[in-house]
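Step one of this worksheet: look at the structure below.
We did not get these values from a lab; they are worked out from the coordinates using the rules stated. What you see is a predicted model; the values in this text were computed from it and never measured. FYI the Cβ positions are ideal-geometry reconstructions off the backbone, even for glycines, and counts take in every protein chain you see.
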Amino acid sequence: MTNNYTMAASERLQEAVQIAQNSGNSTIEPVHLLLSILKAQESINQSLLERCGTNRDILKREAESVLSKLPTIIGNQNEPQASGELVKVLQ
């Protein structure tokens, strides 16, 4: 799934895969990527969110709420694939 991204971006994408797997989702959605960005402790993204006046805790709760509503597959051992929406975000 990683392409020509920075090391940090590749790490966030891999974390998004892990979040999707841990949540039982068959596809990796933009919300998985958002959560991986929000969970990163030291990141330029955190300071950008703060400068924009974004309440990270509220945004994280909202993202987790969206994640909880995604369809899940029990016992799925396959690595989730990028959704069309995530592909658009990454272009």
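Amide H contacts of Ala82: Ile28, each under 5 Å away and 5 or more positions distant or on a separate chain (H built 1.01 Å from N in the peptide plane; Pro and chain starts excluded).
Note on the chain: with a GNM built from Cα contacts shorter than 10 Å, the maximum mean-square fluctuation among Glu50, Glu15, Glu64 falls on Glu50. Each helix, a run of at least 4 DSSP H residues, gives -39500 (n - 2.57); summed and divided by the residues of the chain, these come to -18500 deg cm²/dmol at 222 nm. Considering only Leu49, Leu33, Leu13, the mean-square fluctuation computed in a Gaussian network model of the chain, springs between alpha carbons under 10 angstrom, is largest for Leu49. Projected onto planes of every orientation and averaged, the convex hull of the alpha-carbon atoms in the chain covers 6.1 nm².
Excluding same-chain neighbours fewer than eight residues apart, the aspartates and glutamates reachable from Lys39 by a Cα-Cα span under 20 Å are Glu11, Glu15, Glu29, Glu50, Asp57, Glu62, Glu64. Rounded to the nearest whole Hz, the Karplus-based 3J(HN,Hα) values (6.51 cos²θ - 1.76 cosθ + 1.60, θ = phi - 60°) of the range 26-36 follow the sequence 8, 10, 9, 9, x, 5, 5, 5, 4, 5, 5, with x at glycine and proline. Note on the chain: GNM, Cα springs under 10 Å; of Gln21, Gln77, Gln46, the largest mean-square fluctuation is that of Gln77. Computing FRET efficiency as 1/(1 + (r/R0)^6) for Ala9 and Leu70, where r is the C-beta to C-beta distance and R0 is 22 Å, gives about 0.45.
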